[in-house]
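Data first, discussion second: the structure below is written as structure tokens.
The values are calculated or read from the model by the stated rules, or taken from the named source; none is laboratory data. It should be emphasised that the depicted structure is a prediction, and the values quoted were computed from it without experimental measurement. Here Cβ is always computed from backbone atoms with ideal geometry, including for glycine, and neighbour counts include all displayed protein chains. To get the accessible areas, we keep the full protein, side chains included, count just its heavy atoms, and leave off ligands, DNA and RNA. Shrake-Rupley method; radii C 1.70, N 1.55, O 1.52, S 1.80 Å.
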Amino acid sequence: GCFVFKPSVKKRKLSQRTAHDSRNGNDDSEGTELRFFTCQSLWNQIKLETEKVQEDLNKQLLDNLVNFLSRSHSEFQEKTNEWTCRMKFREIPTAPLVLGVNVTDHEMTFRSLSDLLQNNITPYVALLEAKDCPGIKNLMQKLMGQLMNCYIDVDSMEDEDYVQVSQKRIRCSMSSLIKWYKNVTEKTDSETPSQKRTSSSTYWQSPPVVVVFKDMESFTTKVLQDFIVISSQHIHELPLVLIFGIATSPMIIHRLLPHSVSSLLCIELFQSLSCKEHLSTIIDKLLLSDQFPFKLGAKVLQVLINIFLYHDFSVQNFIKGFQLCIVEHFYSQPLSVLCCQQVDFKKRVNSLSHDQCESIRRLPSFRRYVEKQESEKQIALLTTDNFLKEETQKLLEDLHVYHDNYVSVLRCLHVFTSSLPKYPLGKQIRDLHCACLENPVWETEEYESSLQLARMLNKSDLVSMVQQCVEILLSSSGKEFDKTVEKLKEFLTQFQNLEEAFQERDVSLSSQKELQKKTDLYHLQKTLLELKESRRSKKLTKFEMLRFEVVDYIDSLVRKYLVPAEHRTLHEILYFNTASVLREHLNAAPRTALHTALNNPHWYLKNQALKCDGGSISNKAPDICIVYKLHLECGRLINLVDWLEAFSTVVMAAEEPNADTASSDQVDDIIHARFIRAVSELELLGFIKPSKQKTDHVARLTWGGC
């Protein structure tokens, strides 16, 4: 038989509270501030490193754009023959900037571009978005407002073509813009040399006006055509440069603009770095670095990468997810106070409290470690806090050393796997990293096939790979690789000796061939038969034997150093492995959240008055919640009159009946208005729709529970 014993309500509440407190780390109140400080400082370091990496990745692109601007501007300044020729054709210097489909990352690129231009080249930079420029009038208002540093209320100026600049109204037109530009540049030219040095020494003389269309695909064709045609007529007076932000393909320019308009543009194409390469660099700098002690587990990293690859290709969202992992780790793990650099954690281990020591003893990886020790050491680890602190310090040091060695050998393995055909373990190092974190990689079929392919590499590729491995191990901080480097250098020496011996053999073979040419047919047949027999025997050459030795040695390094992090003691302190919590935060379930909010508003509002037992409906709930619960009791078609009566009954349940007829009619009108609004909101959310079968009915659209 199966017997169920339900615990009492008091015990259940107590156990839930204990679990919630242990998850939130409330049992370690004295370490909460230190955990918060550690989390904050760690994220600040990661944020600075991330911004630095992104600046380095965008540096070449921004430098190329600056060179393009300088060429265009110098031609305008010097009035060269090329500029004169361009003026005749009314061509505008244009830089289409292909940034990729990761639209959420574009804002940072445009911000960096704008800062670079405004700090070093020109103060006249305007960033335009399609949502703000439905027409040419709105575009000119936005453009002049940004260039003249004035605020424009587009709603209040729908019927006006003017902007307010220092108590003056200026008409939004290209002629007004040219007049303003001439006044500003003449004022700058009339300044004394000392004033120029203090005010605009970093800017070019007669700086260009740069207009950036951040999302070109979203602009209407008419707006772009009108602006380009108008600007081309004044290009000899205004040094205008256009930058098009493109997410799809450069061909969008010719799809949006007819030839008569696109011929007015002098186009030079620019391409940003691929978002996948961008992500690989971020993972390399953040996760495969000894600079930051915090690490991601295999499942968590796979969740973030899957969201990146199958959702938005956004590096910024990946970084936000990484930040969420840091916050969740320090929030839920009381021992995360030890997730710091080696210099700091030694002091923190010595200052651990008894409760924190007990938390260490409860870790699954530490329990497995204790079970493998001798009985005397087991007793000391479980009863003596000082001995536990000493052992914890050693284990954490071993964990940091493990990670340094892991990264070095991982890079060596990636040198081999990334050059193999079909990439059994993935082309990027992030794929290899995930495979090594999840399971012992040497037990997978992909690894076996990679070894088989590596045993067929030619000599030049193999020598190049071994040399790269030597460089990686020499640059690593691990002290265990001295013998490994010596062994790899010994392999290189053997390859060199093989090459010299092979050259001597070629000389001897060539002399034999010269002799064979002078021999008769009998000796030639005999030589061919000997060659055939040697091929049948399939004896390995010295190079093949040496190649097997190299591959087997790399395999031994993999088995020794690429053990998954979950097999290491105290990995819970540095590694965040709770993928389910991350999915709850990042993988949205809008229908479930909507049903919970409407069916149980107390879940979000935390108002005790909204609590209700079973299927009862509280009259204190918001109107839309009452209407939603009533509609769940109906069938496919809902009678609006019956629905209104049920709504009125629930709302008036706690109110006393009023004898005054006039006031009661007024109350009915208010309830009727509230009902209409709630039903309209429910229709907007997609739960109901008007029915064509009956005019006083609505059709229900959703079925089933969440």
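A quick yes/no check of all residues on (1) in contact with a strand residue (DSSP E or B) (Cβ under 6 Å, 6 or more places away or on another chain); (2) more than 18 Å from ASP105 (Cα to Cα):
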{"residue": "PRO250", "(1), (2)": "yes, yes"}
{"residue": "SER260", "(1), (2)": "no, yes"}
{"residue": "GLN291", "(1), (2)": "no, yes"}
{"residue": "GLN323", "(1), (2)": "no, no"}
{"residue": "ILE326", "(1), (2)": "no, yes"}
{"residue": "VAL349", "(1), (2)": "no, yes"}
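Take the conditions more than 30 Å from LYS295 (Cβ to Cβ) and either at pLDDT 80 or above or in a helix (DSSP H, G or I) (or both) and apply them to VAL66. Does it pass?
It is true that VAL66 is more than 30 Å from LYS295 (Cβ to Cβ) and either at pLDDT 80 or above or in a helix (DSSP H, G or I) (or both).
Which condition number in (1) at pLDDT below 90; (2) open to solvent by 80 Å² or more (accessible area, probe 1.4 Å); (3) out of contact with any helix residue (DSSP H, G or I) (no Cβ under 7 Å at 6 or more places or on another chain); (4) in a helix (DSSP H, G or I) is the one that ARG23 fails?
Among (1) at pLDDT below 90; (2) open to solvent by 80 Å² or more (accessible area, probe 1.4 Å); (3) out of contact with any helix residue (DSSP H, G or I) (no Cβ under 7 Å at 6 or more places or on another chain); (4) in a helix (DSSP H, G or I), the lone unmet condition for ARG23 is (3).
If you check LEU309, LEU304, which single one turns out to be surrounded by fewer than 18 Cβ atoms within 10 Å (Cβ to Cβ) and within 30 Å of ALA247 (Cβ to Cβ)?
Going through LEU309, LEU304 in turn, the sole match is LEU309.
If VAL212 passes every condition in (1) part of a loop (DSSP other than H, G, I, E, B); (2) modelled with pLDDT of 70 or more; (3) among the aliphatic types (A, V, I, L, M) but one, which one does it miss?
If we test VAL212 against (1) part of a loop (DSSP other than H, G, I, E, B); (2) modelled with pLDDT of 70 or more; (3) among the aliphatic types (A, V, I, L, M), just (1) comes out false.
Output the number of the condition that PHE387 fails; it satisfies all remaining conditions of (1) crowded, with 17+ Cβ neighbours inside 10 Å; (2) part of a helix (DSSP H, G or I); (3) of a type outside the set (D, E, K, R).
(1)
Considering only residues that are assigned to a loop (DSSP other than H, G, I, E, B) and buried (at least 19 other Cβ atoms within 10 Å of the Cβ), look in segment 215-237 and name the one that is farthest from the chain's Cα centre (by Cα).
Filtering segment 215-237 for residues that are assigned to a loop (DSSP other than H, G, I, E, B) and buried (at least 19 other Cβ atoms within 10 Å of the Cβ), the one farthest from the chain's Cα centre (by Cα) comes out as ILE235.
Is at least one residue of segment 281-290 buried (at least 20 other Cβ atoms within 10 Å of the Cβ), in contact (Cβ under 8 Å) with a residue 40 or more places away in the chain and either farther than 30 Å from PHE345 by Cβ or more than 20 Å from the chain's Cα centre (by Cα) (or both)?
no
Only one of GLN333, GLN323 is surrounded by fewer than 17 Cβ atoms within 10 Å (Cβ to Cβ) and in the same structural domain as VAL407 (by the TED database); which?
Values: GLN333 fails: surrounded by fewer than 17 Cβ atoms within 10 Å (Cβ to Cβ).
The match here is GLN323.
Do you know which residues across segment 43-57 are open to solvent by less than 20 Å² (accessible area, probe 1.4 Å) and either within 15 Å of HIS278 (Cβ to Cβ) or assigned by the TED database to the domain that holds VAL210 (or both)?
THR50, VAL53, GLN54
For segment 624-638, give me each residue that is among the charged types (D, E, K, R) and either buried (at least 19 other Cβ atoms within 10 Å of the Cβ) or modelled with pLDDT of 90 or more (or both).
Passing the criteria: only LYS629.
Among the residues in segment 400-416, are any more than 30 Å from ARG455 (Cα to Cα) and not in a loop (DSSP other than H, G, I, E, B)? Let's see the steps before the verdict.
Applying the first criterion (more than 30 Å from ARG455 (Cα to Cα)) to segment 400-416 yields 400-401.
Retained after the next criterion (residues that are not in a loop (DSSP other than H, G, I, E, B)): 400-401.
Yes, segment 400-416 has at least one match.
Return a yes/no flag: does segment 328-340 have any residue that is closer than 30 Å to VAL101 by Cβ and either more than 19 Å from the chain's Cα centre (by Cα) or in a helix (DSSP H, G or I) (or both).
Of segment 328-340, the ones closer than 30 Å to VAL101 by Cβ are 328.
When the remaining residues are screened for being either more than 19 Å from the chain's Cα centre (by Cα) or in a helix (DSSP H, G or I) (or both), the result is 328.
Yes, some residue in segment 328-340 is closer than 30 Å to VAL101 by Cβ and either more than 19 Å from the chain's Cα centre (by Cα) or in a helix (DSSP H, G or I) (or both).
Quick test for you: out of ILE319, ILE326, ILE252, pick the one residue that is touching a Cys at 6+ places or on another chain (Cβ under 9 Å) and among the β-branched types (Val, Ile, Thr). Don't jump to the end; show me each part of the working.
Working: ILE319 fails: touching a Cys at 6+ places or on another chain (Cβ under 9 Å); ILE252 fails: touching a Cys at 6+ places or on another chain (Cβ under 9 Å).
Within the list ILE319, ILE326, ILE252, the selection yields ILE326.
Considering only segment 253-279, state which residues are under 29 Å from ASP431 (Cβ atoms) and assigned to a helix (DSSP H, G or I).
Within segment 253-279, CYS275, LYS276, GLU277, HIS278, LEU279 qualify.
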